[in-house]
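Peer 1: Let me give you the structure first, and then I'll get to my questions.
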Amino acid sequence: EEEEEEEEEEEEELRGLGEDKSAGSLSNTTIGCPRSESPGAKVTLHVSVIATPARRELRDATRSTWCMSAAQAVAESSGQLAITIEFVVGGGSYDGVDQLQEEAAQYGDMYLVPGLADGVQSVIAKVVASAVRAHASPAAPPTHWLRTDDDTWVNIEGLAQELLKGVIEPRGGDSDAAVALGPTDPFVWSLFCKLGPNQWGVSFPTGFATVISAFLLRVVAEAAGGMGSPGNAMRLDTGESEGGAEARGGEAAEANVQRKQGAAGGLVKDVWLEDDLWFGLLLHTIKHQQVHDRRFHDYPTRHLNPSPLSNHSLVVHRVQNLSEMMALEARQFAKLNHAAITEHARASGASGSGGGGDDEGMGSQLGTAGVPGAISIQIDDRVVWVDPPAADVHGSDSARSLWCAGYGLFDSANCELLASVFE
């Protein structure tokens, strides 16, 4: 009974996160995301949010939070900053498109790609179309383009501030030194992943958030075949037409099966590519600076690149609902971290006692939520949470054995190493 009461209190606390930032008024907003153009602005940022039609709640959550912050940042910039934010969905013929058209008319912040049926197979086509659209802005071509996803929270003020300064201060790379960028320097700012040597060894930016400069945006737009229909020069193929991948058979048909199993991306010249890999391969041929930054990360305990939330977080991926988005906007990071750890511990049955592995990098390595002195450790891009030893033996010879016996931290050699570092 006590555990149930604690769970109810924690759930109520999570629902209340973000109330310090007028949560009630935010959740009922009727204002769309900003569309500001200022020819004299130092930074003109076009944000394309690659959206899933059915996730209306997440679009409204974005409108209620960081879209409002973007509008405020523009208003306070004395004309130095312009930001346009658009949700990108397919505008072809499919179930639900009528509701999307009504939503677009109401808010004025959506781009329905003409003739494109939305789905996991159309993600690359949506990225291409949004790049073409951003580059074609007649009043003020963007100085920077951010491609992101609809389940993502963006610290838009922090992002814009570093772009205005022309200095990015990344964390988590080979060097955390500040990166100075001139107004015409081609660069890609993201969390980068790298393929193995048998897969070209290409570094590519993760799909949930990537910032590129104006020159690279122009290259992407022109690679899409100019200002015409998106993807015509790249031969994007969703496999839906009579001459599509399934009709041709072979590897293309096999790739189309992968598409139907839920991988997000598209077929490019009969080769299935996930959208972030495709983007990295395209940029790989162009000289530019890569700015690897772990301030772009997944929500704690979720997916492949989780990281604790903090004031350093610039982009947080895999946000699930309005309450989480509002709490992020209110900078309720400590409470969200605690809630995420507790939720994961319940779901996995972990109690800090070790056990089997976890494909997403947490699982048995998870410490007990809320214990004072618990720490997070990042090892080879994996984050583990660890509690302090239960007994007060700090500094004694038995401390190391307690650490290693109590937690499944990879193998014994790594455990010994960690214990000696934190002894």
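Peer 1: Could you please find all residues in region 158-169 being open to solvent by 10 Å² or more (accessible area, probe 1.4 Å), closer than 14 Å to His312 by Cα and of a type outside the set (Asp, Glu)?
Peer 2: If the condition is that a residue be open to solvent by 10 Å² or more (accessible area, probe 1.4 Å), closer than 14 Å to His312 by Cα and of a type outside the set (Asp, Glu), then Gly158, Gln161 are the ones that fit.
Peer 1: Could you check region 171-192 and list, in sequence order, the residues that are open to solvent by 10 Å² or more (accessible area, probe 1.4 Å), modelled with pLDDT of 85 or more, over 22 Å from Thr44 (Cβ atoms) and touching a strand residue (DSSP E or B) at 6+ places or on another chain (Cβ under 7 Å)?
Peer 2: Scanning region 171-192 gives Ala178, Phe192.
Peer 1: If you don't mind, there's one more thing I want to ask. Of (1) within 28 Å of Thr52 (Cβ to Cβ); (2) free of Cβ contacts under 8 Å to residues at least 12 places away in the same chain; (3) not aromatic (Phe, Trp, Tyr), Leu116 satisfies all except one. Which?
Peer 2: (2)
Peer 1: Just the residues that are more than 19 Å from Ser190 (Cβ to Cβ) and touching a Ser or Thr at 6+ places or on another chain (Cβ under 8 Å), please, taken from region 293-324.
Peer 2: Passing the criteria: Pro300, Pro308, Leu322.
Peer 1: Considering only residues that are under 17 Å from Thr44 (Cβ atoms) and in a loop (DSSP other than H, G, I, E, B), look in region 58-86 and name the one that is least open to solvent (accessible area, probe 1.4 Å).
Peer 2: Ranking the qualifying residues of region 58-86, first place goes to Ser77.
Peer 1: Kindly indicate whether Asn337 is open to solvent by 10 Å² or more (accessible area, probe 1.4 Å) and in contact with a helix residue (DSSP H, G or I) (Cβ under 9 Å, 6 or more places away or on another chain).
Peer 2: Considered against the rule, which asks whether it is open to solvent by 10 Å² or more (accessible area, probe 1.4 Å) and in contact with a helix residue (DSSP H, G or I) (Cβ under 9 Å, 6 or more places away or on another chain), Asn337 comes out as no.
Peer 1: May I ask you to say which residue of Asp95, Asp118 is assigned to a loop (DSSP other than H, G, I, E, B), of a type in the set (D, E, K, R) and open to solvent by 50 Å² or more (accessible area, probe 1.4 Å)?
Peer 2: Asp95
Peer 1: Do the conditions hold for Thr342, that is, is it more than 21 Å from Met68 (Cα to Cα), surrounded by 22 or more Cβ atoms within 10 Å (Cβ to Cβ) and not small (Gly, Ala, Ser)?
Peer 2: In short, no.
Peer 1: Just for strands (runs of 3 or more DSSP E) wholly inside region 257-316: which have at least 2 residues that are open to solvent by 30 Å² or more (accessible area, probe 1.4 Å) and at pLDDT 90 or above?
Peer 2: 289-292
Peer 1: Here's a check for you: in region 134-157, which residue that is part of a loop (DSSP other than H, G, I, E, B), out of contact with any Lys or Arg (no Cβ under 6 Å at 6 or more places or on another chain) and at pLDDT 90 or above is surrounded by the most Cβ atoms within 10 Å (Cβ to Cβ)? Lay out the reasoning, then the answer.
Peer 2: Narrowing region 134-157 to residues part of a loop (DSSP other than H, G, I, E, B): 136-143, 150-151, 155.
So of that shortlist, the ones also out of contact with any Lys or Arg (no Cβ under 6 Å at 6 or more places or on another chain) come out as 136-143, 155.
Now restrict to residues that are at pLDDT 90 or above: 142-143, 155.
On the way: Pro142: 23, Thr143: 18, Asn155: 20.
Among them, the one singled out is Pro142.
The values are calculated or read from the model by the stated rules, or taken from the named source; none is laboratory data. Predicted model, so just to flag it, every value in this text is computed and none were measured. Note that we place each Cβ from the backbone using ideal geometry, even for glycine, and neighbour counts take in every protein chain shown. Surface accessibility is based on the protein's heavy atoms, side chains included, excluding ligands, DNA and RNA. Shrake-Rupley method; radii C 1.70, N 1.55, O 1.52, S 1.80 Å.
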